[in-house]
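Below is one structure; the comments refer to it alone.
The values are calculated or read from the model by the stated rules, or taken from the named source; none is laboratory data. What you are looking at is a predicted structure, and each value in this text was computed from that prediction instead of being measured. Backbone-built Cβ (ideal geometry, glycine too); neighbour counts: all protein chains shown.
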């Protein structure tokens, strides 16, 4: 079922079922938090979760976003106790402040387990035959006062609008309606190593179509996926994604690409596209051995990112999840999109790809690594071995 709606009431709904996401008019902006690699079940995850709860309560956060690798080694199924021990109990808050949607996709860790379980968990909460708002639906998770995991497909999108307190010069009423499009991608499915090529091709086709339409109908565009395109972290980014995805992000004038995967927090800039990594929400990160030339900020501290969209700018704060300290603040002005087509939003939204679940067959052990890095790494080992052999031979000759 395809539903796409925009109206002045302050929402855009688009999903396999009707998801109507409201943001309060009193906020004067839209705030959300991103966290990645969080499902470790250790003390660091719990410490970061406590600071996260403080921010959610104090900053009136509308929802959470996770780029993947939600559970270490994934989950074994719907009855895995990780659901309660690593997710619901960790992010539970008696005040009810954490009773918010948590939009996510799968990451490399999630694909190691029962990869359909997170979709099935979502299905338990939202019935195909029940059209409702996220704020009104009541079920097990809402009564537990913990976040509600949202994943209607391996890849999907949703657009939402929010009201801001704009200056009088912008609008006589002092209010201005803004909009943002969120595009969630599965970087394993997009990779050239994914075994089901028909699913991968479909994902790329729908992504291109979505990024073709989004600049015409929304003020901000945020793309979310597990693996970084560029990175100073352990992955060093992904050659295939930098070749295929990065040009799409630039062409669509995407405001930010949020990734996880690497255990660190980083901000990179690629020709006006902000690339943010948040992969240390469940453990202390790793120091960067070599910084990417595109890196603006890097931290190995555990933490999360707080994002705020207003009528004029997009602000991202990198927060130390143990101390609560804001380590770095990045502010970028709202982009003036040349493709924007005011008045045609409804017509264009109806052309967006339908969000429908695509079943994926059985796979063996998932090994997702950059083929280019593999080749370079192998060559490096060969060169190193040759160098050591020559050195050893020279030493013996001298002896």
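Quick rundown of the values:
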{"read-out": "Residues that are surrounded by fewer than 23 Cβ atoms within 10 Å (Cβ to Cβ) and closer than 20 Å to residue 319 by Cα, drawn from the range 62-83", "value": "62, 63"}
{"read-out": "Count of residues meeting criterion [crowded, with 24+ Cβ neighbours inside 10 Å and either under 15 Å from residue 299 (Cα atoms) or not assigned by TED's automatic domain parsing to the domain that holds residue 33 (or both)] in the range 252-268", "value": "8"}
{"read-out": "Filter result for the condition that a residue is over 17 Å from residue 246 (Cβ atoms) and touching a strand residue (DSSP E or B) at 6+ places or on another chain (Cβ under 8 Å), over 200, 179, 231", "value": "179"}
{"read-out": "Output for the range 272-285, where each listed residue is more than 15 Å from residue 44 (Cα to Cα) and modelled with pLDDT of 95 or more", "value": "273, 274, 275, 276, 277"}
{"read-out": "Strands (runs of 3 or more DSSP E) enclosed by the range 122-231 - at least 1 residues per element that are surrounded by fewer than 18 Cβ atoms within 10 Å (Cβ to Cβ), over 16 Å from the mean Cα position of the chain (by Cα) and at pLDDT 95 or above", "value": "none"}
{"read-out": "Residue check, residue 348 in the same structural domain as residue 307 (by TED's automatic domain parsing), in contact with a helix residue (DSSP H, G or I) (Cβ under 9 Å, 6 or more places away or on another chain), outside any loop (DSSP other than H, G, I, E, B) and surrounded by 13 or more Cβ atoms within 10 Å (Cβ to Cβ)", "value": "yes"}
{"read-out": "Meets criteria (surrounded by fewer than 24 Cβ atoms within 10 Å (Cβ to Cβ), touching a helix residue (DSSP H, G or I) at 6+ places or on another chain (Cβ under 8 Å) and at pLDDT 95 or above) for residue 249", "value": "no"}
{"read-out": "Within the range 238-276, tally of residues that are touching a strand residue (DSSP E or B) at 6+ places or on another chain (Cβ under 7 Å), more than 19 Å from residue 314 (Cβ to Cβ) and without any contact (Cβ under 8 Å) to a residue 24 or more places away in the chain", "value": "0"}
{"read-out": "Verdict on residue 315 being under 24 Å from residue 246 (Cα atoms) and either without any contact (Cβ under 8 Å) to a residue 60 or more places away in the chain or in the same structural domain as residue 69 (by TED's automatic domain parsing) (or both)", "value": "yes"}
{"read-out": "Tally of residues being surrounded by 16 or more Cβ atoms within 10 Å (Cβ to Cβ) and not in a strand (DSSP E or B) across the range 84-113", "value": "20"}
{"read-out": "Given (1) touching a helix residue (DSSP H, G or I) at 6+ places or on another chain (Cβ under 7 Å); (2) closer than 23 Å to residue 39 by Cβ, index of the condition residue 300 fails", "value": "(1)"}
